[in-house]
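Beneath this line is the structure, given in structure tokens, with notes to follow.
The values are calculated or read from the model by the stated rules, or taken from the named source; none is laboratory data. None of the values given here were measured: they were computed from a predicted structure. Here the Cβ positions follow ideal geometry from the backbone for every residue, glycine too, while neighbour counts run over all protein chains shown. Surface accessibility is based on the protein's heavy atoms, side chains included, excluding ligands, DNA and RNA. Shrake-Rupley method; radii C 1.70, N 1.55, O 1.52, S 1.80 Å.
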Amino acid sequence: MPGKAWNPGFQPGMNMTMENTPYIAGLLKRTGLFTDDQVERVLLGVREQGLPIVRAVVDGGHADESAFLEALAGVLNLPYRRIEPSQVPREVLEKMPPRAVFQYNIMPVAMVNGSLEVATADPLDAGLTDALRLASGLRIRLVLCPARDITEAAKALYGVGAETVDRMMRDTRFEELQAPGKLELGELDQEASIVKFVNQIIWEAFREGATDIHFEPMELELRIRYRVDGVLHATPVPAQLNRFQAAIISRIKVMASLDIAEKRMPMDGRISLRVDAQDVDIRVSTMPTVYGESVSLRLLQRHGSFITIRELGMAERDCVTIERIIHRPNGIILVTGPTGSGKTTSLYAYLNEVNSMDLRILTAEEPIEYEMSGINQVLVRPDIGLTFATVLRAFLRQDPDIIMVGEIRDFETAEIAIQASLTGHLVFSTLHTNDAAGAFTRLLDMGVEPYLAASAVEAVIAQRLVRKLCVSCRQPLAADRAELAAAGFPVDRLEGAVLYGAGQCEKCRKTGFHGRGGIFEVLEATESIESLVIGRRPTNEIRQRAMQHGMRSLRDDGWEKVLAGMTTIEEVIRATEENE
């Protein structure tokens, strides 16, 4: 009977043992969320896997964490609440050492009648109350809260790696570092605390899906920012972090095999490591600034599944055009767009489509961002004279069928690429131009003869990346036809369509966006286009002719994505503003 299982001597914070199993069973039943069979499965998970009760319930899929904690709070006569970081007073944060906050995954939230209210997702953790009382010197009152709320609040209010910085603050050797000549930096850049902090920053960035990490020395702080979905976000870090700036930067340089004594010149390096069982390459770039060395890290996953052409997000008509062109035996296919517009991802999608045992594929890249089986990839190294042109010239003696050149930067590379295409090779490459039509003008500006550019280039694909709306929280918008028309949106297509705007939820970190998708402009070099190139006609004239023949501009393709509910009007305008 549940009444006999109840143990009034058992209090929140006691361990789950064989002796108090009847109490736990009664506790679970009193929440009203579980059947007898579910209770037995939860207790089995606790005994066999050693999981805390809450984790056994949630990980086992028996109940939602929020619902279970709210019900459990009622049974234990404890408060339940969601944490809003902005409502936690600074003086309350100072009551609990950061090391305790992160060690126990708890969060101080308020002072009530001399007691410190502490949010936890595991009120049945053994000795939790006593440990927190010792750490703070205050009476503790537990409040139940979902673990994700606590983790996010701790990161936002204490900063990433706060417990590690707290440990360094108590290490007197770091204090000596502030006095020149007292201690060699090399003795500290390998310290466990410094190593752990740098690893925490990299792991956190990887978990957030960041492509870049920037360590930026300011006058009074060391600012750390992540680039997620193409947008920079400030990462909350402890206020005292700037005291350890030299050791942190030195640690990164050691990881990248750079000279820690050289602080006057920019340097480039590379770090290879595993994060969450995935191989990650990190390109490291240092730059001397007024307040110290600024360090940028670009995160690249070496392995992984490659997306297909149809997964890029192209319209069906453009997919058909590209699939037809990339199977031609020769010619040049160019992908254009600014840095960070997804050109490399698209190139690998095209290569993945044509990669087969009967074709020899060679690539020249700087850097090699992805490793693809079945193709021969060469890392370009201009510092030793291994330039794109040098590698491309060598490729022609390697009996290739398909060549991929990371970027056409100069006349020499362009000339060899064109020669390769005219002698029976299919060449993929990129150019930095604003739109597809501008690729021809760019080649002519490099010194390529118009008739060669016209005969060699088969297609140009311009692209941009726009942030995708989070499908969990996107919200329908009331369309103002006048405002939409002023923005250039095709209001005549609004009939029956639903436009969406950004919402806020935990899945998208309350940004309203999750992931990025492409918008494209596919220009096929028809005879009409070739005649304009040979006549050295301006870019806008080539562009207009291509659109007359069915090409859809970047912005028009963006409007299609808006009508499909993938992104917002503001995102499309931001990504294509320079093209209009």
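Cβ separations smaller than 7 Å between residues 6+ apart or across chains give no pair from segment 467-482 residues that are farther than 20 Å from ALA210 by Cβ to residues that are open to solvent by 70 Å² or more (accessible area, probe 1.4 Å) and hydroxyl-bearing (Ser, Thr, Tyr). Picking from residues in segment 125-156 that are in a helix (DSSP H, G or I) and without any contact (Cβ under 8 Å) to a residue 12 or more places away in the chain, the one that is most open to solvent (accessible area, probe 1.4 Å) is LEU134. With a requirement of 1 or more residues that are over 27 Å from LEU484 (Cβ atoms), of a type outside the set (A, V, I, L, M, F, W, C) and in contact with a helix residue (DSSP H, G or I) (Cβ under 9 Å, 6 or more places away or on another chain), the helices (runs of 4 or more DSSP H) lying completely within segment 511-580 that satisfy it span 527-534, 539-548. If you go through segment 49-75 and keep only what is buried (at least 16 other Cβ atoms within 10 Å of the Cβ) and among the polar types (S, T, N, Q), you end up with just SER66.
State yes or no: is GLU353 touching a residue at least 60 places away in the same chain (Cβ under 8 Å) and charged (D, E, K, R)? Explain how you work it out, then say what you get.
Values: touching a residue at least 60 places away in the same chain (Cβ under 8 Å): no; charged (D, E, K, R): yes.
Taking the combined requirement at face value, the residue does not satisfy it.
Among the residues examined, LEU78 qualifies as in a loop (DSSP other than H, G, I, E, B) and either more than 36 Å from the chain's Cα centre (by Cα) or buried (at least 18 other Cβ atoms within 10 Å of the Cβ) (or both).
Please report, ordered by residue number, the helices (runs of 4 or more DSSP H) entirely within segment 397-492 with at least 2 residues that are touching a Gly at 6+ places or on another chain (Cβ under 9 Å), open to solvent by less than 10 Å² (accessible area, probe 1.4 Å) and within 27 Å of LEU312 (Cβ to Cβ). Show your work before the answer.
Working: elements: 411-422, 438-446, 450-456, 481-486.
Hits in segment 397-492: 411-422.
Among the residues of segment 263-316, write down those that are of a type in the set (Asp, Glu) and modelled with pLDDT of 90 or more. Once the filter is applied, which keeps residues that are of a type in the set (Asp, Glu) and modelled with pLDDT of 90 or more, segment 263-316 yields ASP268, GLU293, GLU311, GLU316. For segment 221-257, a residue qualifies if it is of a type outside the set (Asp, Glu), over 27 Å from MET169 (Cα atoms) and surrounded by 15 or more Cβ atoms within 10 Å (Cβ to Cβ), and the qualifying residues are ARG227, VAL228, GLY230.
Annotation: of all residues in segment 331-353 being open to solvent by 10 Å² or more (accessible area, probe 1.4 Å) and either in contact with a His (Cβ under 7 Å, 6 or more places away or on another chain) or part of a helix (DSSP H, G or I) (or both), the one that is farthest from THR423 (Cα to Cα) is PRO338. Screening GLN504 with (1) open to solvent by 60 Å² or more (accessible area, probe 1.4 Å); (2) assigned to a helix (DSSP H, G or I) gives one miss only, at (2). Residues considered: GLU353, GLU407, GLU371, GLU366. Of these, the only one that is more than 19 Å from ALA456 (Cβ to Cβ) and in contact with a Ser or Thr (Cβ under 8 Å, 6 or more places away or on another chain) is GLU353.
Keeping to segment 257-294, report how many residues are more than 18 Å from the chain's Cα centre (by Cα) and part of a strand (DSSP E or B).
Step one: filter segment 257-294 for residues more than 18 Å from the chain's Cα centre (by Cα), giving 257-270, 285-294.
Filter once more, so that each one left must be part of a strand (DSSP E or B): 267-270, 285-289, 292-294.
Count: 12.
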